[in-house]
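Working notes, structure below.
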Amino acid sequence: MKKLIALLMTLLLFVSCAAAEDVATATDTTEEADYVIALVNGEQLMNSTYTQVKNDYLTAYAQVGYDISDEAKKAYVEDLALTAAIQNLLVEQDMRAQGCYDFSEEIETWCTEQGQAAYESALKQVEETLNETLELGEDDADALSVYAAAYADLLGVTAQDYIDVYRTQYATMLYYAWLTQDCPVTAEEVQAEYDTRKASDDTVGDLTDDLYNEIAYDIYAERCKEKLNARIEVLSDEAEVTLY
């Protein structure tokens with residue numbers, strides 16, 4: 001067992017060393033660049049947060065053929081990303097203002113349990129992947145567990161990260177419910193949408209419960225999008241933003 005643990009730790013060290021230069025560079029860059037780029041209603045928007053949004057935007061635009069090697073086009077995308085980062089913070093502030101994060105003890109417990117379970121499931125997947133690769137036996141389970149935990153530490157991933165994801169998802173659900181409280185999806189809307197789909201597509205079957213729920217969800221999702229965009233416009237107009 002001790003030899004196996006030593007082998008797995010050596011493997012982990014190899015992985016760490018292989019990525020050390022990139023990780024160190026990224027860490028140094030983040031630390032050096034992690035400064036305030038804007039004040040949004042008095043709350044700091046950090047460069048590291050903006051950088052995550054910017055990278056996502058650049059990747060998405062590049063995937064659809066946008067030439068981000070062109071400096072002017074790249075700058076345009078980066079401006080869009082900055083606007084999005086500011087809007088994200090405005091929405092986060094609004095969610096807090098509307099009490100979307102004021103969970104009951106029951107919901108907090110649920111988020112914690114779900115996040116912890118998801119974290120443990122992720123560790124288990126690492127163990128299973130390594131076990132399949134090395135074809136180890138059940139007696140080596142403890143060593144695999146040690147390796148998986150060490151690997152998570154290397155990536156900087158904790159159970160709290162998973163818990164926070166569940167908290168954010170639940171708060172977002174409450175926020176959308178607040179945004180659409182004055183315009184719930186009605187049976188008449190679902191029927192009208194079904195009739196439209198049926199008229200344009202002969203393969204559409206009867207309006208079963210599953211199809212009803214699918215159409216209702218589609219209408220709700222579109223309504224959430226419209227309401228969110230409208231809310232962002234209001235928040236943006238009222239916001240006090242100082243760029244640095």
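Here are the numbers for this structure:
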{"item": "Cut-off 10 Å between beta-carbons: net charge of the residues surrounding residue 180, Lys and Arg +1, Asp and Glu -1", "result": "0"}
{"item": "P(r) tail fraction, segment 73-152 - alpha-carbon pairs more than 16 Å apart, %", "result": "70 percent"}
{"item": "Spin-label pair residue 180/residue 71, simplified geometry with 7 Å Cα→Cβ offset, distance in nm", "result": "4.6 nm"}
{"item": "Semi-axis lengths (Å, descending) of the ellipsoid that matches the C-alpha gyration tensor of segment 145-212", "result": "44, 20, 8"}
{"item": "Local electrostatic count at residue 118 - Lys and Arg +1, Asp and Glu -1, tallied over other residues with Cβ under 14 Å", "result": "-2"}
{"item": "Hull shadow area, averaged, segment 72-228 [alpha-carbon convex hull, nm²]", "result": "16.6 nm²"}
{"item": "Formal net charge of residues neighbouring residue 225 (Cβ-Cβ distance under 15 Å; K, R +1; D, E -1)", "result": "-1"}
{"item": "Accessible surface ranking that places the most exposed of 193, 226 first, with a 1.4 angstrom probe", "result": "226, 193"}
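The values are calculated or read from the model by the stated rules, or taken from the named source; none is laboratory data. Keep in mind that this is a model prediction, so the values were computed, not measured. Reconstructed Cβ throughout: ideal geometry from the backbone, glycine too, with neighbour counts over all protein chains shown. Side chains are part of the model used for accessible areas, which takes the heavy atoms of the whole protein and leaves out ligands, DNA and RNA. Shrake-Rupley method; radii C 1.70, N 1.55, O 1.52, S 1.80 Å.
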